[in-house]
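To start, the structure itself, in structure tokens.
What follows draws every value from the coordinates through simple rules; no lab data is involved. Just so we're clear, the structure is a prediction, and the values are computed from it rather than from any experiment. Quick reminder, even Gly has a Cβ in these numbers, built from the backbone with ideal geometry, and neighbours come from all protein chains shown.
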Amino acid sequence: PTEAKRRTVMVKLARIAGKLHELDTVALTPDEWTAAIDLIAEEIASLWQTDETRTHQPSVLDEVRNSLYYIEHTLFELAPQLYIEMRRALAEAYPGHDFNLAPFVHIGSWVGGDRDGNPFVTLAVTEETLRTQKALALRLYRSVIDAMYGVLSTSERFGVSGELRASLSADAALFPVEAQRFAARYPGQPYRQKMAFVYQKLLATEEGSSRPWRADRLAHPVEY
């Protein structure tokens, strides 16, 4: 189970920890150092004047939102790093062997869905919990796509795989109107066009698109 701290308290502690890490790892100018110390002092002053726990009994959905804080600010960033480190370790231990690393990290939560006698965990609460979790996942994925736009600026002049071209053609068949817009906005930039299609799929998922999706369409990361 996660801690019972208020989200407000956790955010303040995270900001303090971030500034302390910055003081330890970044070569700051004297003015930047002073500004960081001042900010830490301000956060500490605000923290000790803040109630550590709520003055009222939190609802189940309050607990759900509290638990999602760890997903958003910890697990979402650390899980990919775990896969990177695992691939690196396997490459060092078994050089020359190409591992097809299957997903092995699965995140679950009982908050909002436990059926241990809590009368406040109703069907409606569980449905809202799932909607809240889905909304967070889609928002986090969209934030990654936004960041990738600035990275994947490679021109088609430097070569494009047949898999990517086939994937773009399949996406264009699903989103013909959007495909024209993406081609005009990112001419000669197939990777950015692909990111735009992925973003469009996330939006369609969030909006509950009525388009018929087949499971095999998104079965492979390259296709997605």
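For segment 1-56, what is the convex hull (Cα atoms) projected area averaged across all directions, in square nanometres?
Taking a quarter of the hull surface, the average projection is 4.6 nm².
For segment 191-200, in order, what is each residue's ³J(HN,Hα) by Karplus, 6.51 cos²θ - 1.76 cosθ + 1.60 with θ = phi - 60°, in whole Hz (x at glycine and Pro)?
Once θ is set to phi - 60°, the couplings for segment 191-200 become 5, 5, 4, 5, 4, 5, 5, 4, 4, 5 Hz.
Separation between the VAL160 and LEU101 pseudo-spin-labels, each 7 Å from Cα along Cα→Cβ, expressed in nm?
Each label point lies 7 Å from its Cα, and together they span 2.9 nm.
Test of understanding: in a Gaussian network model of the chain with alpha carbons linked when under 10 Å, which of VAL26, VAL160, VAL125 would top the mean-square fluctuation ranking?
In the Gaussian network model the winner is VAL26.
Report, in deg cm²/dmol and to the nearest 500, the calculated mean residue ellipticity at 222 nm for the chain, where each DSSP H run with n ≥ 4 adds -39500 (n - 2.57) and the sum is divided by the residue count.
-20000 deg cm²/dmol
In nanometres, what is the gap between the two model label sites at THR205 and PHE120, each 7 Å from Cα along Cα-to-Cβ?
Here the answer is 3.1 nm between the modelled labels.
Based on the alpha carbon coordinates of segment 57-144, what radius of gyration and maximum Cα-Cα distance (Dmax) apply, in Å?
Rg then Dmax for segment 57-144, in Å: 17.5, 57.
Under a GNM of the chain (C-alpha, springs under 10 Å), which listed residue has the highest mean-square fluctuation: THR25, THR132, THR122?
Highest fluctuation among the options: THR25.
What whole-number volume per residue, in cubic angstrom, does the convex hull of the C-alpha atoms of the chain give?
219 Å³
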